[in-house]
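What follows draws every value from the coordinates through simple rules; no lab data is involved. Note that this is a predicted model, so its numbers are computed, not measured. Ideal geometry is used to build each Cβ from the backbone, glycine not excepted, and the neighbour counts take in all protein chains shown.
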Amino acid sequence: MFVLPLYDVLMVPGVNMYVRGEEFEEFALAPAAIHEDVVLLVAKEQKPRYAYTADDFYEIGVGGYVSAISQDGFVTIRTNERLQIDAVTVDDDATLKVETTPLYDVRDVGEEERQARLRAIKEALSDFAKEHDWGKQAMPMIENFHTIEEVGVSLSPWLAADNEKRYEVLTYNSERGRMEAIEQIIYAFIEVARASAEAMELQREEYEQNMREQALRRQIDVLQQKLDEMHPEEASDLERFAKAIEELPLNEQARAEANKVLNRLARENGTGNEYALLYDYMEYLLSLPWQKEEAGDIDVAAAETILNEDHYGLKKVKTRVIEQIAVMALRKKQAGSILLFVGPPGTGKTSVGQSIARALGREYVRVSLGGVRDEADIRGHRRTYIGAMAGRIIEGIHKAGVSNPVMVLDEVDKLSASYNGDPASALLEVLDPEQNSNFVDHYLNVPFDLSDVFFVCTANTIETIPAPLLNRMEVINFNGYTVNDKLAIAKEHLLAASYEQNGVPKDALVIPDDTLRALIDDYTMESGVRGLRKRIDTLCRQAAVKLAKQEEAPFIVQPDDLHSWLDMQPILHDHILSKKKPGVVTGLAWTQAGGEILFIETLFTKGSGKLLLTGKLGDVMKESAYLAMSLVKSMFPIEWEDVEKCDLHIHVPEGAVPKDGPSAGITLTTAIASLVTGRAVAPYYAMTGEVSLRGAITAIGGLPEKLMAAQRAGITTVFIPKENERDLADIDEEIKAGLTIVPVEEVRDVLEQVGIMEKDDTVIEA
């Protein structure tokens, strides 16, 4: 009896199995003999003869005998039964010996069903074979299959099943189970083979396509080279990029990066996504203005003339700008601080930047930073991101096409931090003359020199600008325009621009000066002239409608006609009270739309000494109210004893409008003192100033706007902090006209002058 181990072979009873003669002799240590019994073991893994041990075999094998020996060296073994392998021993010469017990199968498949399953298998194999050129040679073999077991054993070398899966077929006791397992493996083989064939066909087609493409590209490269030699002006992209890298004055890092990307570009497929990204980068990098602009002569007198032509007023702003331009003219390069224009909307901050560009003969670029929350908006996106692009600073340079534009960074106070970083921190490098000569945009990934850029920043307030960023800029305040200023601006600039924009002839619409004043006083509420421009545009559009209807011109707009022309009611501004009342005092407030008067109303109610605050007051203003109450208690201890058991209610009208700031301190103190003493303050008095606990009045901001509000409301006397007296020199006489401005140092000075406190009153100092 011969014992042969087989690996990765499908073995079942009732079939012929073929083994090479040399393999047979290797394990049997003797040549095959006809009718000699054979036991076939299923090996768990393939090993040399001398390396097998008893544990290397599964517990079920197949018994059979040698039925034939062919002349080409194959031994045919006819299997007849499954065997339980009880024991395996390995002799000293590495021959295998086994002890076995026969296993009996359950015959649960009829002949009719067996043949039907066989026909289905043969049809599936025939259909698969017809799909291939070798199908004709395979058809006779398929037709000669008599059992499903024969099919499985014949296809064993090609089946997509591992050794364990093949052994699993042998473990079935029923013929049905074994047959279904073989069918499953065969059908899986057909599907896998069909998929593999399709994949190979696709791979072959792709390979042939790539080969054809490479051949065509080589031909194109040769032809393109010839064309480039014949027509240098029509050079290919790669040649164009290479020539630009050689000719442009790139810095060392930029040149190295450009050559690196160019080499990658040459290796890429021209239709791939990577090629497009690299191409866009090269186009962008090489289109930037790397050439330093020569410092030309600057005519300071001409620059001053241009600034005066473009803008009315703004004397201090123009003076500071001219100073910077003069320094640049002397040094022949960019010099001076980064200018930060701060002021209410519509006061001309952005347009002054345009005038600076015109005065210097430079390109103008505006970069809006309002609402920017991502650091990448400043520094750019890294090229690893899909849709990456350069930041707004480099994009502005790219748009300008020169290395020394005038760049206005608009609304720097509207920057905000997020999880994407802090754009305000990214601006630190941009606006620092010591660093911006080597500014690195993440998209470019190479340094770019920003030292020749004339940066101008604008903001409505400095409160929200981080201190490190504010420290790099010089603040220039834009005060609100007076009525006369607005009138002059409207006549010199706004009217002509609106006529041209709306297509209305100058002589077709007449807007007299008193109409313009009515527009300014009754239909706008602002520090700048943006709203005034909108109203004038409305008048021009109404005139355009009339002209289109062929109505008779000219149209003269009188002040009384504004309501119908604008289709809006006049804006109601607060005016002084008609009569005085204890506990009510007029204050002055600053808003982004300009100055306004503010009424502080106080009232005692029955209670337990609590302080009630209404009018949507901010935290700072609430603290001022508590401080004012404490101060009045200390100044009027006797009078306060009479109301100590009462609640003090402080209200600031227009309760829906948020109000905050310390400058209402003096107004709150005066209102409470008026209520406590029962002495009313005349309505023509107004005041502003921060109050300390010791009774001192300290400086405030927004003085010009507050004085304009007082003048408009009919106030005659305004109390301001002594520390702000120096600011009066910079305020137009028009604003101060008709006002008695009284600088004060202490609360007592105000109370004495409004009649609440007599000069000889005894006061307990805080």
task = Count neighbours as other Cβ atoms within 10 Å of each site's Cβ, and list the trypsin sites (Lys or Arg not before Pro) in segment 680-730 that are DSSP loop with at most 11 such neighbours.
result = Arg694
Cα lying deepest toward the dipole's positive end in segment 436-487, options Pro466, Leu487, Asn436, charges on Cβ = Leu487
ask   = Can you give the Rg and Dmax of segment 300-477 based on its C-alpha atoms, in angstrom?
value = 15.9, 50
task = State the Cα centre-to-centre distance between segment 106-155 and segment 609-658 in whole Å.
result = 103
inquiry  = Starting from 0.36 nm per residue, how many nanometres of slack lie between Met141 and Leu330 once their C-alpha separation is accounted for?
reply    = 57.9 nm
message = Could you work out the percent of alpha carbon pairs in the chain separated by over 49 Å, rounded to a whole number?
response = 55
remark   = Rounded to one decimal in nm, the spacing of the 7 Å Cα→Cβ label points at Tyr207 and Asp727 is 8.4
request  = Quick one: divide the alpha-carbon radius of gyration of segment 103-142 by 2.2 N^0.38 Å and tell me what you get.
outcome  = 1.59
request  = Give me Ile393, Ile85 ranked fewest to most by other Cβ atoms within 10 Å of their Cβ, as a rough exposure proxy.
outcome  = Ile85, Ile393
request  = Rank these for me by crowding, Ser608, Ser624, Ser174, going from fewest to most other beta carbons within 10 Å.
outcome  = Ser608, Ser174, Ser624
query = Taking the highest mean first, how do the peptides 482-492, 543-553, 334-344, 463-473 order by number of other beta carbon atoms within 10 angstrom per residue?
reply = 334-344, 482-492, 463-473, 543-553
ask   = For Glu252 and Thr716 in one chain, what is 0.36 nm times their gap in residues minus the Cα-Cα distance, to one decimal in nm?
value = 160.2 nm
query = What FRET efficiency comes out for the pair Glu623/Asp647, r = Cβ-Cβ distance, R0 = 22 Å, nearest 0.05?
reply = 0.70
ask   = Taking the Cα centre of segment 235-287 as origin and charging only Cβ (+1 Lys, Arg; -1 Asp, Glu), how large is the dipole, in debye to the nearest 20?
value = 120
key: Translational diffusion coefficient (Stokes-Einstein; Kirkwood radius from C-alpha pairs) of segment 378-506 at 4 °C, 1.567 mPa s, in µm²/s   = 74
query = Roughly what percent of Cα-Cα pairs across segment 2-103 reach past 20 Å?
reply = 32
request  = For segment 149-196, take the alpha-carbon Rg, divide it by the Kirkwood Rh, and send me Rg/Rh.
outcome  = 0.96
Taking segment 2-103 and dividing mean pair separation by its residue count, relative contact order in percent (alpha carbons under 8 Å, at least six apart) = 31
query = What does the charge dipole of segment 522-572 about its Cα centre add up to, to the nearest 20 debye, if the Cβ of each Lys and Arg holds +1 and the Cβ of each Asp and Glu holds -1?
reply = 280
inquiry  = To the nearest 20 Debye, how big is the dipole of the chain about its Cα centre, given +1 on the beta carbon of each Lys and Arg and -1 on that of each Asp and Glu?
reply    = 3240
key: chymotrypsin sites (Phe, Trp or Tyr not before Pro) restricted to segment 562-663 and DSSP loop, no more than 13 other C-beta within 10 Å   = none
task = Express the relative contact order of the chain as a whole percentage, based on alpha carbon pairs under 8 Å and six or more residues apart in sequence.
result = 7
inquiry  = Based on the alpha-carbon set only, what is the convex hull volume of segment 510-633 divided per residue, in Å³?
reply    = 155
task = Pull up the cross-link candidates among the lysines for Lys44, meaning alpha carbon to alpha carbon under 20 Å and not fewer than 8 places away within one chain.
result = Lys97, Lys165
ask   = Contour minus end-to-end for Ser126 and Val192, with contour as 0.36 nm per residue of separation and end-to-end as the Cα-Cα distance?
value = 22.2 nm
query = Of all GluC sites (Glu not before Pro) in segment 1-62, which ones are in loop regions per DSSP and have a Cβ with at most 11 other Cβ atoms within 10 Å?
reply = Glu45
ask   = What FRET efficiency, computed as 1/(1 + (r/R0)^6) with R0 = 41 Å and r the Cβ-Cβ distance, is obtained for Lys260 and Arg358, rounded to the nearest 0.05?
value = 0.50
request  = State log₁₀ I(q)/I(0) for segment 59-111 at q = 0.15, 0.21, 0.24, 0.31 Å⁻¹ as given by the Debye formula over alpha-carbon point scatterers of equal weight, solvent excluded.
outcome  = -0.64, -0.92, -0.98, -1.08
Between segment 557-587 and segment 711-747, the Cα center-to-center distance that results, in Å = 22
note = Volume per residue (Å³) of the convex hull spanned by the alpha carbons of segment 235-287 is 67
note = If Cys646, Cys457 are placed from fewest to most neighbouring beta carbons inside 10 Å, the sequence is Cys646, Cys457
message = Run the simple label-point estimate for Glu309 and Glu268 please: 7 Å along Cα→C-beta, distance reported in nm.
response = 4.8
task = Mind scanning Lys486/Lys546; Lys414/Lys616; Lys316/Lys546 and naming the pairs with a C-alpha gap bigger than 31 Å?
result = Lys316/Lys546
remark   = Residues other than Val342 with Cβ under 14 Å of its Cβ, Lys/Arg counted +1 and Asp/Glu -1, net out at -2
key: For segment 474-551, projected area of the alpha-carbon convex hull averaged over all directions, nm²   = 5.8
query = Considering only Cα-Cα distances, which of the following residue pairs are longer than 30 Å: Lys606/Lys722; Lys645/Lys722; Lys580/Lys622; Lys332/Lys534?
reply = Lys606/Lys722; Lys645/Lys722; Lys332/Lys534
